[in-house]
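The values are calculated or read from the model by the stated rules, or taken from the named source; none is laboratory data. Quantities reported herein were computed from a predicted structural model and do not represent experimental measurements. Quick reminder, even Gly has a Cβ in these numbers, built from the backbone with ideal geometry, and neighbours come from all protein chains shown. Each accessible area value is taken on the protein alone, full model and side chains, heavy atoms only, with ligands, DNA and RNA left out. Shrake-Rupley method; radii C 1.70, N 1.55, O 1.52, S 1.80 Å.
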Amino acid sequence: MTTLRATVRLQLNRDFDFAAAAAQVPYFAAMGLSHIYMSPIAMARPGSTHGYDVVDPMIVNPELGGEAGLAALADVLHANDMGAILDIVPNHMAADLANTWWGDVLTQGEASAYASYFDIEWDAPGAQRKVWLPWLDAPLERVLHNRRCMLERHTGGTGIGLWLDDSMLPASERSLQWLFERAEVALPPHAVAGRVFDAARRCMQDRQTHAALDQAIATVNADTALMSRFLELQHYCLGRWSDSGERLNYRRFFDIHTLAALRMDRDAVFEAVHALPLRLIENGTIDGLRIDHIDGLSQPGHYLRRLRERMDRSSQRDLQRHVTLHVEKILAPGETLPADWPVDGATGYDFMREVSALLHDPVGYAELRHAWATLTGGCAEFAQEERTARLYMLNTLLGAELSRCARAFQQFLASKAERDVALDVLRDALCDVLANMPVYRSYLGDGKITKADRQTLEHAFAHAKQDGAADRAPVRAMIRRCLLSIDAAQLPAEQAQRLQTVRYRFEQLSSALSAKAVEDTAFYRYGALLSHNEVGGAPAHVQPEPESFHAAMPWRASRWPRSLLATATHDHKRGEDTRARLDVLGERAQTFLETFNAFSKAVDHRMPLHPSTLWMLLQTLLAAWPLGTHADDTLVMQMFAERIKAWLLKAEREAKLHTCWTAPDHDYETACGTLVDDLFISGEFASVCHDLCHAAGKLDAAGALNGLAAATLHFTVPGVPDLYQGTEYWDLSLVDPDNRCAVDYRTRAETLEQRLDFRTLVPQYRDGVIKQHLIHGLLQLRKAWPELFANGSYQPVVVDGARQKHVVAFVRRHGSHQLFVAVPRLCARHMARADLPMADPDFWTDTRVEAFSDDHACVFVDVFTHRKHRVKPSGWRAGELFADAPVAILIPASQAHECPTLTG
């Protein structure tokens, strides 16, 4: 089994399947990667582009190549000394009729063997013990009036289904009995409950019954009252999808009603969902698992301990084998994974935030925040925007989840014969608390209240006291007692179960709220500097750098050395180099403000777009502008315009201020698209387009320097670097689906094969080859010195002089091996002399990196430029370290023969 050193995340789909991935394995191996890290491979909805909409977790998706294709991929990986990590989805499945579990629930209701697999609140008010199904885009009466619901025989005439437009819904036993009675067709005497389907199918095999049934079907189809009666007999209730926020009675993934949440605490569900990945671990196909949305589960700790035990059992034939386990967990600044989780680490959003903070200029950001507040008339601070978004989501799109949570509290309090609290009062009090949660969630559902849980919830209650209405204080106190004071072990069994449900509901709502209110709402409303608005990001949290970065790295080295490090993912809002260019705007705040004033003056008189939209549009245009592209390149500009229009539409709908997904303002959305077309296609704003091209070009060198600095840190600090597909070149992508586009691996393989002097790549930086060769060199070093990167220490190196805040330097040690790394930061205002991703030579003045070795006879060599640096008592001058290349990566010259970039 290959030791985990570095992964490459691959988004599999029918256009990039197992065979396509296998074809690229030699390239991945040549880069120095140890594992591919695959998106979910279980059978998903037909045509799924991501795999998270699973319809059958027990089989490998045929669209990807099925079991045979996966086995062939594993063979190629093993032949190239690589392994595979698999992303699995225990939290939810597609609420789709292709999902036989879901379809059976809709057919048989609570009697279904799969009814307990899903988190359905059968006794929700108005549910009538049915599944509320949000499939309609209009009131049911109008749908029936327009004859959009029709009964038809199917499966060779032996089955009956309800067609809603192009989708066929199942019919219940009760409705089939009713229909046969109307057709005056007698079912066999043995057609008792649970056997009606078989009896009806056998009956319909008799062609003499066809005419009578067809006549009854035609009668029902022609009469809306009869169709309404047929629908009343189903185990589901058809409703408008736009009403999901209030009516839905099954837990879902965030606010997506097409993804139904699973009850992973049930043994049968756990076994069914994990049968495939555990079998793949046992037969050696898979070497690790990544757990999607761990915070959606009711008991994440219990789940992980159970899974870890089963994974170990599946791999026990090889006692030297360690099958890795990583969790997708959004960690807030200062938050860590629970110490008792038996995992190798998280998936790297925390590192994405840390490296972004390092490239962030707090002075420029303050200027942009002030200008943003003046422009929008709103608050300059993100925290207020977040709280507003949280309250908005709770009272709209997550209203059903809030009501479900409030009912759980109400039922528990009633069982204890405590004060009878009205549901709406409980809802409001819960809003006070949930709006102030500082992290995704607590973990009370795992059966104990940890110090971290208590601190989290006490923070929320303290701020709720400040922000919430005083007359709700007694109710908030009751909620606090339920969460933090009552010991379930001291309660009767029924009350203990109700208390457990209270805590489950609260925590699962908290995690969904954090994702939807912060990442998918506030991040699209608050635009002072968009590089901060990233998954796992914290725009309201600013700490001194590089001190904060240096403090985080030793902790990761000692506690989570196998945690993944991400700088780009399939879920990112903006690519890693898009963010690097945005950070340049933060350093040059006044220049951006001047550009914005000119831009808004040129286009605002024609378009009804809010100034905040224009601000965020401009930042996006400048940051995502294709490198080296001129405004007159018609084809590239057309392609760019389509990308921007797709981003702008999604951004405006997610912001939910001027349009939204549930009630789109088509006139406004058309105006947004028209503006982009006029900028890049129609020629209406040709001069503005040329100005944008010029302004974007000024970000190229500084953005590239930021990108190379981030890449250097990504592949040298403690942890396991995860390379998102294709990002070894510049990554100027935007939010999905833009960040999931096909990768040109042929060109990448060709440039990797070229033996180029690193210094010659510097002036050609726009083609991205310099980034690829930097990553390749560092991956080769990781392969040559695995113990240094897996177990080596991390020691910050002191920097002195006028530019000390502009250098991040550290040394890693393990045994006799040493690695020194120095990268520049915040140099965008000091790069005027040449079109190179390097600071001006005279910028560094007297700045020095202090000596970190007492051996003054020792000589270090740069692994890319081959330049030698003798250790001096006074240290190294920053100007010498960055004289030939944007970054400095040095090893002892005595060990140069072990470094592939120095011997190849």
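When the Cα atoms of the range 701-789 are enclosed in a convex hull and the volume is divided per residue, what value in Å³ results?
Dividing the Cα hull volume of the range 701-789 by its residues yields 110 Å³.
Which residues' amide hydrogens lie under 5 Å from the amide hydrogen of residue 162, considering only partners 5 or more residues apart or on another chain, with H built in the peptide plane?
The list, which skips near neighbours in sequence, is 169, 171.
What Rg and what Dmax come out for the chain when only alpha-carbon atoms are used, in angstroms?
29.6, 102
Which residues' amide hydrogens lie under 5 Å from the amide hydrogen of residue 807, considering only partners 5 or more residues apart or on another chain, with H built in the peptide plane?
Here the answer is 825, since their amide H atoms fall under 5 Å of that of residue 807.
Find the accessible area per residue for the range 488-555; the probe is 1.4 Å, ligands and nucleic acids are left out, and the unit is Å².
Values: 2150 Å² over 68 residues.
Solvent-accessible surface per residue comes out at 32 Å².
For residue 448, which aspartates and glutamates qualify as cross-link partners when the Cα separation must be under 19 Å and same-chain residues fewer than eight apart are set aside?
Output for residue 448: 265, 295, 335, 340, 458, 487, 494, 507.
Using θ = phi - 60° and the Karplus form 6.51 cos²θ - 1.76 cosθ + 1.60, what ³J(HN,Hα) does each residue of the range 33-48 get, whole Hz, x for Gly and Pro?
So the Karplus estimates, Gly and Pro as x, are 6, 9, 9, 8, 10, 8, 5, x, 10, 5, 4, 10, 3, x, x, 4 Hz.
Lys/Arg Cβ at +1, Asp/Glu Cβ at -1, dipole of the chain taken about the Cα centre: which of 178, 108, 610 is farthest positive-ward?
Highest projection toward the positive end goes to 108.
For the chain, give the percent of accessible area contributed by carbon and sulfur heavy atoms, probe 1.4 Å, rounded to a whole number.
51 percent
Under the rule of at least 5 residues apart or a separate chain, name every residue whose amide H is placed under 5 Å from the amide H of residue 236.
Distant-sequence amide H within range of residue 236: 131.
From largest to smallest, what semi-axes in whole angstrom does the range 694-848 give when each is the square root of 5 times an eigenvalue of its alpha carbon gyration tensor? Write down the numbers at each step before the final one.
On the way: eigenvalues 128, 112, 41 Å².
Gyration-tensor ellipsoid for the range 694-848: 25, 24, 14 Å.
Counting heavy atoms of the protein chains only and a 1.4 Å probe, report the per residue accessible area for the range 220-317 as a whole number of Å². Write down the numbers at each step before the final one.
Working: 3420 Å² over 98 residues.
Ligands and nucleic acids excluded, the figure is 35 Å² per residue.
Just the accessible area per residue of the range 28-103, please: how many Å² with a 1.4 Å probe?
Per-residue accessible area for the range 28-103 comes out at 28 Å².
Could you give the angle, 0 to 90 degrees to the nearest 10, between helix 66-79's Cα long axis and the longest principal axis of the Cα atoms of the chain?
20 degrees
With a ≥ b ≥ c taken as the square roots of the eigenvalues of the C-alpha gyration tensor of the range 623-728, please select rounded if a/c is under 1.5 and otherwise prolate if a/b is larger than b/c or oblate if it is not?
oblate
Rounded to the nearest 10 Å², what accessible area does residue 747 have for a 1.4 Å probe in the complete protein model?
The value for residue 747 is about 50 Å².
Once every DSSP H run of n ≥ 4 in the chain is given -39500 (n - 2.57) and the sum is divided by its residues, what mean residue ellipticity at 222 nm do you get, rounded to the nearest 500 deg cm²/dmol?
Roughly -13500 deg cm²/dmol at 222 nm, from the helical runs in the chain.
Let me know the charge dipole size of the range 690-785 about its Cα centre in debye, to the nearest 20, where only the beta-carbon of Lys, Arg (+1) and Asp, Glu (-1) is charged.
360 debye
Is the range 319-428 best put as rounded, prolate or oblate by its Cα gyration tensor, with a ≥ b ≥ c the root eigenvalues, rounded for a/c under 1.5, and otherwise prolate when a/b is larger than b/c, oblate when not?
Verdict is oblate for the range 319-428.
Using the Karplus curve 6.51 cos²θ - 1.76 cosθ + 1.60 with θ = phi - 60°, work out ³J(HN,Hα) for each residue of the range 695-711 in order, rounded to whole Hz, and write x for Gly and Pro.
Ordered by residue, 3J(HN,Hα) equals 5, 5, x, 6, 8, 4, 5, 5, x, 5, 4, 4, x, 5, 5, 5, 5 Hz.
Just in the range 724-758: which chymotrypsin sites (Phe, Trp or Tyr not before Pro) are loop by DSSP and have at most 13 other Cβ atoms within 10 Å?
none
Counting only trypsin sites (Lys or Arg not before Pro) that are in a DSSP loop and have at most 11 other C-beta atoms within 10 Å, tell me the longest site-free stretch of the chain.
449-754
For the range 774-904, what does the alpha-carbon gyration tensor say about shape, rounded, prolate or oblate, given a ≥ b ≥ c as the root eigenvalues, a/c under 1.5 as rounded, and a/b over b/c as prolate?
prolate
When the solvent-accessible surface of protein heavy atoms is calculated with a 1.4 angstrom probe, in what order do 610, 326 fall, highest first? Can you show the working numbers first?
On the way: 610 65, 326 0 Å².
Largest to smallest exposure gives the sequence 610, 326.
Enter the accessible area of residue 622 (Å², nearest 10), with the probe set to 1.4 Å and all protein chains included.
For residue 622, the solvent-accessible surface is approximately 0 Å².
Which entries of 573/645; 329/783; 516/573; 516/656; 573/650; 516/650 have Cα-Cα distances beyond 18 Å here?
The pairs that break the limit, which is 18 Å between Cα atoms, are 329/783.
What Rg and what Dmax come out for the range 611-675 when only alpha-carbon atoms are used, in angstroms?
Final numbers for Rg and Dmax: 12.8, 39 Å.
Provide 58, 150 ordered by accessible surface of protein heavy atoms (probe 1.4 Å), highest first. Don't skip to the answer; put the middle values down first.
Values: 58 90, 150 60 Å².
So the residues, ranked largest to smallest area, are 58, 150.
I want the antiparallel fraction of DSSP beta bridges within the chain, as a percent rounded to 5. Let's see the in-between values first.
Numbers: 46 of 75 bridges.
So the antiparallel bridges in the chain amount to around 60 percent.
Could you state the angle between the C-alpha long axis of helix 493-513 and the longest principal axis of the C-alpha atoms of the chain, as a value from 0 to 90 degrees rounded to the nearest 10?
It works out to around 50 degrees.
Which sequence of 757, 677 reflects their accessible areas, 1.4 Å probe, from the largest down?
In descending accessible area the options line up as 757, 677.
Which whole-number percentage describes the relative contact order of the range 768-824, with Cα contacts under 8 Å and a sequence gap of 6 or more?
Numbers: 57 pairs, mean separation 15.2, N = 57.
Normalised by residue count, the contact order of the range 768-824 is 27 percent.
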